[in-house]
Amino acid sequence: MFKRFWILLFIVTFIAHNAYAYEQFGGVEENIYGYEFKYGDEARFQKNADAFMLKWETTKDPKLKQVYLNEAMRYYFLLSKINKDNIRAQIGLGKIYDEMKLDKFAKQHFNHAYNIDSKNPELNYKFGDFYFKRKDLFNAHQYFDRAYKNGYKNNYDLNLKMSKLYAQLA
């Protein structure tokens, strides 16, 4: 009788502690971002992210470039949390991580975007540019060629990089 009491007490105590721990963890997990998305946020975030990327590309001031890149990353990240299959958010994050030289994360986002739409010319151009910067000419050629065939044949920068690539491969 005494032995059963202690076993029962141990089991009840163990189960009660685990239930409390899961309850606490569940509450934190649900509100991890501290923000609830509303209807229309996706379009607003997309517009802001693209605007900050454009500012980042055009500005010459290094301090402002970093500010614009961080803001673009913030909006693309929120956009990817609203809709993980938003290809523009995945491409944007891939480009940002490419510029930050975080290859693992850049590839992760480019590959996610590639799984969404493998024929997207913007994706193929930026993924090819990622490999071109790292002197992986075979992969750069593969993605540049897809971008060219799927709508970027009049893109000056793509044609310039492809000519440099062909010169190096030949």
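The values are calculated or read from the model by the stated rules, or taken from the named source; none is laboratory data. The model shown is predicted, which means the values in this text are computed figures rather than measured ones. A quick note on method: Cβ atoms are made from the backbone with ideal geometry, for glycine too, and the neighbour counts reach across all protein chains shown. Keep in mind that these areas ignore ligands, DNA and RNA; they rest on the heavy atoms of the full protein, side chains included. Shrake-Rupley method; radii C 1.70, N 1.55, O 1.52, S 1.80 Å.
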Self-check item: Hz values of 3J(HN,Hα) by residue in the range 156-170 - Karplus curve (6.51, -1.76, 1.60), Gly and Pro given as x
Solution: 4, 4, 4, 5, 5, 5, 5, 5, 5, 5, 5, 5, 6, 6, 7
Exercise. Using a 1.4 angstrom probe on the protein heavy atoms only, line up D98, D85 by accessible area, largest first.
Key: D85, D98
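For the pairs K47/K104; K55/K101; K84/K164, flag any whose C-alpha to C-alpha distance is greater than 24 Å.
Beyond 24 Å between Cα atoms: K47/K104; K84/K164.
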Quiz item: Taking every pair of alpha-carbon atoms in the range 129-170, what share in percent sits in each 10 Å bin, from 0 to the bin with the longest distance?
Solution: 32, 60, 7
Exercise. With a 1.4 Å probe and every protein chain left in place, work out the accessible area per residue of the range 37-167 in Å², rounded to a whole number.
Key: 58
Quiz item: Mind checking the dipole of the range 63-139: about its Cα centre, +1 per Lys or Arg Cβ, -1 per Asp or Glu Cβ, Debye to the nearest 20?
Solution: 220
Practice problem: Quick one: which residues, 5 or more positions from D117 or on another chain, have an amide H under 5 Å from its amide H? H modelled 1.01 Å from N in the peptide plane, none for Pro or chain starts. | Solution: none
Quiz item: Roughly how much of I7 is accessible, in Å² to the nearest 10, using a 1.4 Å probe?
Solution: 90
